[in-house]
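Take a look at the structure below.
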Amino acid sequence: MSLDQVSPGRPAAIADALSERFAREYGVPSLGVFRAPGRVNLIGEHLDYNDGLCLPIALPHATYAALAARDDDEVRVTSLQQDQPWSGQLEALGPGDVDGWAAYVAGVVWALRQLGWDLPGLDIMVDSRVPVGSGLSSSAALECSVALGLCAVAGTDADDEVRRALVTACMRAETEVAGAPTGGMDQTVSLFAQPQHALLLDCRDGSTRQVPWDPSAAELELLVVDTRSSHTLSDGGYESRRRDCESAADSLGVASLREVDDADAALSALPDERVRRRARHVFSEMGRVRESVDQIGDADFAGLGRTFCASHASMRDDFEISTPELDAVVDTAVEHGALGARMTGGGFGGSAIALVPRAQGEAVRAAIGAEFDRRGWPSPGFLSAEPSAGANRTA
Ligand code: ADP
Ligand code: MG
């Protein structure tokens, strides 16, 4: 059994190789290379569209975009993760115009033009170290790396106000052009994260607070386990959870579940058993985000581990978005010394996180690998989630 540690690579080396390949394939130098990270959410799942709180960190694993302006209206996009390049005209990058992966790129150009940005035709090449489709937000990393590059093309300084506009543009690209609804957490953390911090995001008003998060100082590691079982948001699970939450809010006469003050009274007022369990996850998870922020502030990592486990149980039993693979990661990690573990991201596959004392890191990896082997599942991928910087220019 081999344990697959997924490396983030060295940003400068990745950027150099990408610039060189860009110049070779497009025959012009790139304007620069722009990096945007994937993310993992510590806690606060399926709360973004309920106007709630979440607490993501940026991964060291990122997507890198090299780009250059053209003097015509053509947009050409190449990804080193895809066989086929894509090209189209500046006027036809919006909803319905672009299929497949290129929609995430073309959609950002379209959305910024909708905001009034004057953008020319473009050559774009991307490379990524974020596992794709693993719930670690390769989609936002792709959008945000391109968006930051477009700031340079437009000669715009990427200050906080501009980054807020980029979040909106990337969300529109994903929702309207790629056709995958997104609540905005992924894009916000990819653009605003700071190293050694988690980002407390209030999805009701988009406000953020940096929360110091440095598990390595306490001899702990945040281990991410990619189960390599597909999460497909398009198969209806995500949409139906969203609909259940909306229906709960409607029955309670509130704009969103965030507006509910008395959770117990609200739950007993919901007639439908399934909708009630969905709402219970939202209310209890909201409390756990606040609890986690306090536990992190107090360096109470044992308490935080218990909160992670309670969050997992809520997603497994009340929200019903876990899978046998995710449950196996969580149970095995905890049995072998993790302080706590939970699935993370939208669910139905994807990744889980475990808070592991450094000394137990190898044993936990080996036990999870052995369990997957025993059950005949593909080997999982392991990532060390050192809290990293948000989008920046690397070359
Ligand atoms: P996640 O964001 O969790 O990785 P999504 O389903 O939201 O999963 O996004 C994955 C999709 O994003 C891919 O199917 C592909 O269309 C696009 N994508 C992400 N990264 C890349 C990349 N480096 N090159 C091309 N397409 C990418
Ligand atoms: Mg995504």
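Some observations on this one:
- When residues of region 75-89 are limited to those that are small (G, A, S) and free of Cβ contacts under 8 Å to residues at least 24 places away in the same chain, the one surrounded by the fewest Cβ atoms within 10 Å (Cβ to Cβ): S87
- In the set (1) closer than 30 Å to L267 by Cβ; (2) open to solvent by 30 Å² or more (accessible area, probe 1.4 Å); (3) among the hydrophobic types (A, V, I, L, M, F, W, C), the condition left unmet by A366 is number (1).
- Highlighted here are the strands (runs of 3 or more DSSP E) found entirely within region 186-252 that include at least 2 residues which are over 16 Å from G346 (Cα atoms) and either of a type outside the set (A, V, I, L, M) or touching a Ser or Thr at 6+ places or on another chain (Cβ under 6 Å) (or both): 197-202, 207-212.
- Test: residue in region 42-60 that is within 30 Å of A263 (Cβ to Cβ) and among the polar types (S, T, N, Q): yes
- Under the condition of being open to solvent by less than 10 Å² (accessible area, probe 1.4 Å) and in contact with a strand residue (DSSP E or B) (Cβ under 7 Å, 6 or more places away or on another chain), the residues counted in region 308-329 number 6.
- Every listed requirement among (1) loosely packed, with under 15 Cβ neighbours inside 10 Å; (2) modelled with pLDDT of 95 or more; (3) assigned by TED's automatic domain parsing to the domain that holds D300 is met by S240 save one, (2).
- Members of region 340-367 that are part of a helix (DSSP H, G or I) and either closer than 16 Å to I57 by Cβ or among the basic types (K, R) (or both): R358, R365
- Test: residue in region 291-311 that is among the acidic types (D, E), at pLDDT 95 or above and either within 22 Å of R258 (Cβ to Cβ) or in a helix (DSSP H, G or I) (or both): yes
- Scanning region 193-212 for residues that are closer than 14 Å to A385 by Cα and open to solvent by 70 Å² or more (accessible area, probe 1.4 Å) returns a single hit, Q194.
- Test result for A370, in contact with a helix residue (DSSP H, G or I) (Cβ under 7 Å, 6 or more places away or on another chain) and not in a loop (DSSP other than H, G, I, E, B): no
- The set of residues in region 252-299 being surrounded by fewer than 14 Cβ atoms within 10 Å (Cβ to Cβ) and under 18 Å from C54 (Cα atoms) consists of G287, D294, G297.
- Just one residue in the set G183, G155, G116, G135 is among the small types (G, A, S), on the phi > 0 side of the Ramachandran plot and within 16 Å of ligand 2 (Cβ to nearest atom); that residue is G135.
- Subset of region 113-132 that is within 14 Å of ligand 1 (Cβ to nearest atom) and open to solvent by 10 Å² or more (accessible area, probe 1.4 Å) - its residue that is farthest from the chain's Cα centre (by Cα): D127
- In region 36-83, the residues that are within 16 Å of ligand 2 (Cβ to nearest atom) and at positive phi: H46
- Within the option set G184, G149, G179, G135, being buried (at least 23 other Cβ atoms within 10 Å of the Cβ), modelled with pLDDT under 95 and within 16 Å of ligand 1 (Cβ to nearest atom) holds for one residue only, G135.
- Scope region 49-74; condition farther than 30 Å from Q5 by Cβ and open to solvent by 20 Å² or more (accessible area, probe 1.4 Å); matching residues: Y49, D51, A69, R70, D71, D72, D73, E74
- Identity of the residue in region 90-108, assigned to a helix (DSSP H, G or I) and touching a helix residue (DSSP H, G or I) at 6+ places or on another chain (Cβ under 7 Å), that ends up most open to solvent (accessible area, probe 1.4 Å): Y104
- Residue count for region 166-176, restricted to those that are more than 16 Å from ligand 1 (Cβ to nearest atom) and surrounded by fewer than 20 Cβ atoms within 10 Å (Cβ to Cβ): 1
The values are calculated or read from the model by the stated rules, or taken from the named source; none is laboratory data. Being a predicted model, the structure only gives us computed values, none of them experimental. Note: ideal-geometry Cβ built from the backbone for every residue, glycine included; neighbour counts use all protein chains shown. The protein model used for the area step is the full one, side chains on, heavy atoms only, and it has no ligands, DNA or RNA in it. Shrake-Rupley method; radii C 1.70, N 1.55, O 1.52, S 1.80 Å.
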